[in-house]
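One structure below.
The values are calculated or read from the model by the stated rules, or taken from the named source; none is laboratory data. Model, not experiment: these values are computed from the prediction. Here the Cβ positions follow ideal geometry from the backbone for every residue, glycine too, while neighbour counts run over all protein chains shown. Just so you know, the surface numbers come from the protein's heavy atoms only, side chains and all, with ligands and any DNA or RNA stripped out. Shrake-Rupley method; radii C 1.70, N 1.55, O 1.52, S 1.80 Å.
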Amino acid sequence: MLKTKIAVFVSGGGTNLQALIDAEKRGEIPNGEIALVLASNDSAYALTRATENGIKSVVVKRKEFPSQETYEERMKAILDENGIEMIVLAGFMSLLSEDFTSLYSKRIVNIHPSLIPSFCGKGFYGLHVHEAALEYGVKVTGATVHYVNEIPDGGEIILQKAVDILAGDTPEVLQKRVMEEAEWVLLPKAVEMVACKLRKGN
Ligand code: GAR
């Protein structure tokens, strides 16, 4: 069966990348194939996960380019060279412009560690999201997978899952629970849904 070729963009530990790799190995992403890992920095542990699983990887650093335009041109060239049809942002902390996201309309998905529209947008990433949820005092948080457009965390929602906040939670404890109960479950499901849609051409 022809599969949608996927690039996973990462910046850090890559536990969501690992969830995708494991799901693909279990046959849970029959319509997609992780063909490339693109990291924003060379110290991302996600690169080790790619190597250990025989997945091609590349590092593209924003600061090595004179402009956002040339940075994104380089990424586009790499994606084209590798026949990439779909992008997954899995803890990718570098910004993408509308020029780039519009090239891949309904072909880029992002995982965000809250129930959008809460605790999202500019400045809400990684541990900060959980700090903000605890500070506000919400009793339920979760994760969201959404399409990426020009608005930070503003694209159409694909899947969401709620996670309870428990007494005594720290940002680190909550982050781990949100990952285990929501992110690592949702992301492979959403990726298969979108990869399947792309195969069917809609
Ligand atoms: C994940 O919690 C992901 O949802 C979050 O960064 C972490 C990356 O972890 N992404 C954002 O906050 C994006 N706004 P990982 O590298 O272990 O997958």
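Just to check your reading of the model, which residue among Leu89, Leu95 is at negative phi and open to solvent by less than 20 Å² (accessible area, probe 1.4 Å)?
Leu89
Name the residue that is farthest from Gly126 (Cα to Cα), counting only residues in region 8-46 that are in contact with a helix residue (DSSP H, G or I) (Cβ under 6 Å, 6 or more places away or on another chain) and among the small types (Gly, Ala, Ser).
Gly32
Within region 153-202, how many residues are out of contact with any His (no Cβ under 8 Å at 6 or more places or on another chain), open to solvent by less than 40 Å² (accessible area, probe 1.4 Å) and closer than 24 Å to Gly83 by Cβ?
Qualifying residue count for the region: 9.
Please verify whether Lys122 is assigned to a loop (DSSP other than H, G, I, E, B), farther than 21 Å from Lys56 by Cβ and within 16 Å of the ligand (Cβ to nearest atom), treating the condition exactly as stated.
Against the criterion (assigned to a loop (DSSP other than H, G, I, E, B), farther than 21 Å from Lys56 by Cβ and within 16 Å of the ligand (Cβ to nearest atom)), Lys122 qualifies.
Cβ-Cβ distance below 8 Å, separation of 6 or more or different chains: which pairs start in region 179-202 with a residue that is assigned to a helix (DSSP H, G or I) and end on one that is at pLDDT below 95?
Within 8 Å, the pairs are Arg199/Leu2.
Output yes when any residue across region 28-40 is over 19 Å from the mean Cα position of the chain (by Cα) and free of Cβ contacts under 8 Å to residues at least 60 places away in the same chain, and no when none is.
No: zero hits.
What helices (runs of 4 or more DSSP H), lying completely within region 1-97, carry at least 3 residues that are more than 16 Å from the ligand (Cβ to nearest atom)?
So the answer is 68-81.
Is it the case that Glu150 is under 19 Å from Phe9 (Cβ atoms) and either outside any strand (DSSP E or B) or away from the ligand (no atom under 12 Å from the Cβ) (or both)?
Spelling it out, Glu150 is indeed under 19 Å from Phe9 (Cβ atoms) and either outside any strand (DSSP E or B) or away from the ligand (no atom under 12 Å from the Cβ) (or both).
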